Amino acid sequence: MSPLVTHRESRRPRALSPLREHLRDTFWFAPAVGLVGALVLAGAVGELDAWLIGALQDEGDYDSVTSLIKIADDAKSVVTTVGSAMLTFIGVVFSISLVALQMASSQFSPRVVRLYVRSRITKGTFAVFLATFLFSLAGQASYDGEQDPKLVTSVPVFTLLTAVLLVLISLGLFVAYVNATIRLMRVSYVIDRITRESFRVLGAYPLRSPEGALPLPAEVSVITHRGRAGVLRDVNIARLCRIARRGGTVLRLVPRIGDFVVPGTPLLTVHGPSEGRLPVRLLRSTVSVGVERTFHQDLGFGLRQLADIGLRALSSAINDPTTAVQCLDRIVQFLAAVADRPLGAVHHTDRSGTVRLVQDLPSWGDLVDLGFTEIRLCATTSPQVTRRLLAGLDDLLLLVPPDRRRPLERHRALVEQSVEREVPDAADREFALLADHQGIG
């Protein structure tokens, strides 16, 4: 057996998770699927219309065919109206989207725009709208103007019914879309969405520390980054584990998810003797580098966004300490969830339970500093925020094990020092340093 680290408390990666997340971060995939589906549906419904007419003609029921021909012109008019109306409808929805994006970006943080891009209801709405429009065009193109019941090949009966059904679905999605967009413009829902995304990422990591793990074998080589410079968004964990298993070695990801990497810097280190030549180009292709961070594997990105929203709320231009308090509520909630969880590194295994990839995570101190430092520096003159900050720190001090108390105690002492230094009146200082879970209620 190869002298590699082995344990069975690690997370088994899902092979398709990077692809799924990358598609969720795009806005073209769902509408493209909707357009393709519209063409397929139009072809299927057109064949159904032709089958109906053919069946009636085979039975000699030309009276029924004549009756259907009489409604063909009305059906074409309805389908034409649907097509032109949907194009206008799409323009209205797109305008609403731009206004929502602009308001969310300026009021909260530019990083919350990605919540809109990842919204399933938004993508579904656009996909159905475009599909309805394209289906209407295809229905018009397939219209047969023949009036002789013996020669006509198709009457758009099912096309009309399908177009009406798509319109009804579009109206329902429009109501849901407007509701979702209005919620996106409300800070409470934005903060809640960020928190839920953060917990989803947290749930992908091990619940317990690996037991019986051995130190990594000696480092034998370093694989550097050769792609474009950018933020490390995620890595294909399953593929890296397969490559390491075939080579009989262990890989360690040098940068953390969310780090900015430039060409020539270390990307992966190889530990232990390899049983064969590692495919370096394939290893590099498992790394996704983009222009912005994503939630997929980034444990600290949620705290980063919450801190950004809190900072903007405390700026002199907005001056909204209540929003900062709401951000602190969620920051404390997230830190409480990781208070006794293993941090610092995660070990990914192959099918046999042998560790093949080691990935660094933020430490407890890193997460505490990320969540509290910047808000603490801007909250000195806002008693509502200092009181909530102290209450949150006190709660965390009750939850964390003794070896994790130091970062919390340091922040609590710094809050007290800042208030003592910046608030001249003794009564105001005493009031600002009273812990309160609602700030000032």
Exercise. What is the percent of Cα-Cα separations in region 93-201 that go past 26 Å?
Worked result: 40
Exercise. Between region 147-161 and region 162-192, what is the C-alpha centre distance in whole Å?
Worked result: 36
Problem set entry | Estimated distance in nm for a label pair at S363 and D25, the labels positioned 7 Å out from Cα along Cα-to-Cβ | 2.7
Exercise. Which whole-number percent is the relative contact order of the chain (Cα, under 8 Å, 6+ apart)?
Worked result: 18
Problem set entry | GluC sites (Glu not before Pro) lying in DSSP loop within region 218-313, provided at most 14 other Cβ fall within 10 Å | E275, E292
Exercise. When N is the residue count of region 301-341, what does its C-alpha Rg come to as a fraction of 2.2 N^0.38 Å?
Worked result: 1.24
Exercise. What's the angle, to the nearest 10 degrees (0 to 90), between helix 321-337's Cα axis and the longest principal axis of the chain?
Worked result: 80
Exercise. Over the Cα atoms of region 356-441, Rg to Rh with Kirkwood Rh, two decimal places?
Worked result: 1.07
For this session: Quickly rank 421-427, 308-314 as a protection proxy: mean count of other C-beta atoms within 10 Å, highest first.
Result: 308-314, 421-427
Exercise. What 222 nm value per residue comes from the helices of the chain, counting each DSSP H run with n ≥ 4 as -39,500 (n - 2.57) and dividing by all residues, nearest 500 deg cm²/dmol?
Worked result: -19500 deg cm²/dmol
Seminar exercise, completed: Given backbone amide H placed at 1.01 Å from N, residues whose amide H is under 5 Å from that of D234, ignoring those fewer than 5 places away on the same chain, are S288
Exercise. Going by alpha carbons, how many degrees (0 to 90, nearest 10) lie between the helix axis of 157-184 and the longest principal axis of the chain?
Worked result: 20
Seminar exercise, completed: Expressed in Å to one decimal, the Kirkwood Rh of region 320-397 from all distinct alpha-carbon pairs is 14.3
For this session: Work out how far the C-alpha atoms of region 65-148 reach from end to end along every principal axis, then list the three figures in whole Å, largest first.
Result: 64, 18, 16
Exercise. Can you give the relative contact order of region 279-437 as a percent, counting alpha carbon pairs under 8 Å and 6+ residues apart?
Worked result: 22
Problem set entry | Nitroxide proxy distance, nm - points 7 Å out along Cα→Cβ at R421 and L282 | 5.6
Exercise. How do the peptides 248-255, 23-30, 327-334, 45-52 rank, highest first, by the average count of neighbouring beta carbon atoms within 10 Å per residue?
Worked result: 327-334, 248-255, 45-52, 23-30
For this session: With θ set to phi - 60°, apply the Karplus curve 6.51 cos²θ - 1.76 cosθ + 1.60 along region 277-292 and write out the HN-Hα couplings as whole Hz, x wherever there is a Gly or Pro.
Result: 6, 6, x, 4, 5, 5, 4, 5, 6, 7, 9, 9, 10, x, 8, 8
Exercise. How many times 2.2 N^0.38 Å is the alpha carbon radius of gyration of the chain?
Worked result: 1.32
For this session: With a point put 7 Å past each Cα toward its Cβ, work out how far S105 is from E430 in nm, to one decimal.
Result: 4.9
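FYI, it's all coordinate maths here, none of it is from the lab. Just so it is clear, the structure is predicted and the values come from calculations on it, not from any experiment. Ideal geometry is used to build each Cβ from the backbone, glycine not excepted, and the neighbour counts take in all protein chains shown.
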